[in-house]
Amino acid sequence: MNRQLRLLQRAFGGSGIKHRATGACFTSAYTTTAADSQQTKLFINGQFIDSQTSEWIDVRNPATQELVTRVPKTTGKELDEAAHNAQLAFHDWRRTSVISRQRKMLDLQHAIRTHMDELASSIVTEQGKVLSDAKGDVMRGLQVVESMAGISDLMLGTKLEVAADMDTYTVREPLGVVAGICPFNFPAMIPLWMFPVALATGNTCLLKPSERDPGAAMLLAKLCNDVGIPPGVLNIVHGAHDTVNFLTADPRIRAVSFVGGDKAGRYIYERSAQNGKRCQANMGAKNHAIVLPDANKEHALNAIAGAAFGAAGQRCMALSVGVFVGEAGDWIGEIAERAKALKVSGGFEPDADLGPMISPEALARAESLVQAAADDGATVVLDGRGISVPGYPNGNFLGPTVIDHASASMRCYTEEIFGPVLTCIRANSLDEALELVNANRYGNGASIFTRSGACARKFQSQVEAGQVGINVPIPVPLPMFSFTGNKGSFLGDTNFYGRSGINFYTQLKTVTSLWRKEDADDKNAAVHMPTIH
């Protein structure tokens, strides 16, 4: 029994949990045991089926490189079957009462909460997050499902008597079949941003989880079956370019949601638009925190360390740039000391703070950008390259890294590192810091740490970012609001979850009706242009 399995038993108790690290226990419904590995199934029309593909993608534990499962590149025939069944299911699902769909969301949120441990252990095994962070991944998605329990209010239309006996009112209706394309870094949260909102509003969905860590999405599909969501309402397909091309081109699919990198996001958005589909695309980010000298030092440093290095920096809202104003620059060494104290490990250890990066390629890219910073003249105050993690000699590990004296022209600043690396830039004033933040092409989030209400108000008013934190390092809104990244971090005009999510997955129908008292006595047709008085 390997080290991760022992730690998983310790985390959840008993030897029966043993197979959760390999997927053999809770994934038995949606994996097939081949001669040498597990093979992930498709989920089409309420059934887990074996793909007939000859092309597979290996999923490896990023802490150990052990093969966890093999993911099929869904064939064209299978993709067509999934879209066909989603289209058939839509005709009945859209007519299901909003109260019935609300009930399914209540049942689903209970099932997710009940299976939190299984979902989290899948994320640790396939994605590499530490267990506490994996549970947070599930919880933030669960909150979106819980918000859909209020779908009846969110689907309300409007009505106005515009003239005598004449009413105009709006009806909010689903689009039809929609698609979701998910990234590797939030295997539970991002699917739960997408399909529960789509389903609650009356749509059916084709979901493509990341080919790097599909296990959490497959378990969510099983839970949908368990709570009685009808066959064909949710379907899961796998793959890479061919699957994306299908989802962005097939005429049965009306809208596409995407979260991921810039290159893929632009391609998916443009291809979806060319084929007449709605699209929302959350993409790259470079999130800044401005630290003023009057900030609560302990709070600011602890918050920045957690936001920069948690999840190995693989968050679209990770705090990747610290802008230290004036004397606050003297605190950078103390951030490095806090970062050095963080424990890097495989994920199931109870005291682990951050785990591995998703792949050897991602690790190599992050390391190259650290080297580029040094080559460009920055100071690598804390270098996490080449870290040795006991028990995990083959993991994709990069320890917390702090770069000081960076500038806006360096690659470590202009490119998204997507690793546990904090790039520090020094500024002479709040105005200079704001100018730096606003000049960056991204606009996901930005934060300020200060005790000055006036400075905080100025920052809130002038900063060009969609999500703003005041003494808050990762200002991701709860689902009663919406995720509102902007500038180069988002393509589309309607954001994820909250009321924006409802708007994305629905369309308005405006009805004007006339029921006149005189109709019983009306004898003659009117041929003039109708007017409203």
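The values are calculated or read from the model by the stated rules, or taken from the named source; none is laboratory data. Quantities reported herein were computed from a predicted structural model and do not represent experimental measurements. Counting neighbours? That spans all protein chains shown, and the Cβs are built from the backbone with ideal geometry, glycine included. Areas reflect the complete protein model, heavy atoms only, side chains present, ligands, DNA and RNA absent. Shrake-Rupley method; radii C 1.70, N 1.55, O 1.52, S 1.80 Å.
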Next on the checklist: Between 137, 165, 133, 117, which is within 25 Å of residue 512 (Cα to Cα) and of a type outside the set (Ser, Thr, Tyr)?
Outcome noted: 165
Item to check | Among (1) out of contact with any Ser or Thr (no Cβ under 7 Å at 6 or more places or on another chain); (2) assigned to a loop (DSSP other than H, G, I, E, B); (3) surrounded by 16 or more Cβ atoms within 10 Å (Cβ to Cβ) - the single one residue 62 does not satisfy | outcome: (1)
Checklist entry - Taking the range 367-387 only, how many residues are over 15 Å from residue 399 (Cβ atoms), of a type outside the set (A, V, I, L, M, F, W, C) and open to solvent by less than 40 Å² (accessible area, probe 1.4 Å)? => result 0
Checklist entry - For the range 36-59, what are the residues that are at pLDDT below 95 and either open to solvent by 40 Å² or more (accessible area, probe 1.4 Å) or not in a strand (DSSP E or B) (or both)? => result 36, 37
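Looking only at the range 407-429, which residues are open to solvent by less than 20 Å² (accessible area, probe 1.4 Å) and either within 12 Å of residue 286 (Cα to Cα) or touching a residue at least 60 places away in the same chain (Cβ under 8 Å) (or both)? Outline the logic, then answer.
Initially, the range 407-429 is screened for residues open to solvent by less than 20 Å² (accessible area, probe 1.4 Å), giving 410, 412-413, 417, 419-425, 427.
Selection gives 412, 413, 417, 419, 420, 421, 422, 423, 424, 425, 427.
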Checklist entry - For the range 203-229, what are the residues that are surrounded by fewer than 24 Cβ atoms within 10 Å (Cβ to Cβ) and either acidic (Asp, Glu) or over 17 Å from residue 114 (Cβ atoms) (or both)? => result 211, 212, 226
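Condition check ((1) more than 30 Å from residue 348 (Cβ to Cβ); (2) not polar (S, T, N, Q)) across all residues:
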{"site": "364", "(1), (2)": "no, yes"}
{"site": "367", "(1), (2)": "no, yes"}
{"site": "371", "(1), (2)": "yes, no"}
{"site": "377", "(1), (2)": "yes, yes"}
{"site": "396", "(1), (2)": "no, no"}
{"site": "399", "(1), (2)": "no, yes"}
{"site": "419", "(1), (2)": "no, yes"}
{"site": "425", "(1), (2)": "yes, yes"}
{"site": "429", "(1), (2)": "yes, no"}
Checklist entry - Across the range 483-500, what is the total count of residues that are part of a loop (DSSP other than H, G, I, E, B), of a type in the set (Gly, Ala, Ser) and surrounded by fewer than 20 Cβ atoms within 10 Å (Cβ to Cβ)? => result 1
Item to check | From 289, 300, 307, residue being open to solvent by less than 10 Å² (accessible area, probe 1.4 Å), closer than 22 Å to residue 463 by Cα, small (Gly, Ala, Ser) and outside any helix (DSSP H, G or I) | outcome: 289
Checklist entry - Can you tell me which residues in the range 131-169 are over 31 Å from the mean Cα position of the chain (by Cα) and either on the phi < 0 side of the Ramachandran plot or in a strand (DSSP E or B) (or both)? => result 158, 159, 160, 161, 162, 163, 164, 166, 167, 168, 169
Next on the checklist: What's the number of the only condition in (1) free of Cβ contacts under 8 Å to residues at least 40 places away in the same chain; (2) buried (at least 21 other Cβ atoms within 10 Å of the Cβ); (3) of a type in the set (A, V, I, L, M) that residue 527 fails to meet?
Outcome noted: (2)
Checklist entry - Of 221, 179, 217, which residue is modelled with pLDDT of 95 or more, in a helix (DSSP H, G or I) and touching a helix residue (DSSP H, G or I) at 6+ places or on another chain (Cβ under 6 Å)? => result 217
Checklist entry - Can you tell me which residues in the range 161-177 are closer than 30 Å to residue 235 by Cα, among the aliphatic types (A, V, I, L, M) and surrounded by fewer than 19 Cβ atoms within 10 Å (Cβ to Cβ)? => result 171
Checklist entry - Just wondering, is there one or more residues in the range 387-398 that are under 29 Å from the mean Cα position of the chain (by Cα), under 22 Å from residue 288 (Cα atoms), in contact (Cβ under 8 Å) with a residue 60 or more places away in the chain and part of a loop (DSSP other than H, G, I, E, B)? => result yes
Next on the checklist: I'd like the full set of residues that are assigned to a helix (DSSP H, G or I), out of contact with any strand residue (DSSP E or B) (no Cβ under 7 Å at 6 or more places or on another chain), farther than 16 Å from residue 225 by Cα and not charged (D, E, K, R), limited to the range 77-101.
Outcome noted: 79, 84, 88, 91, 98, 99
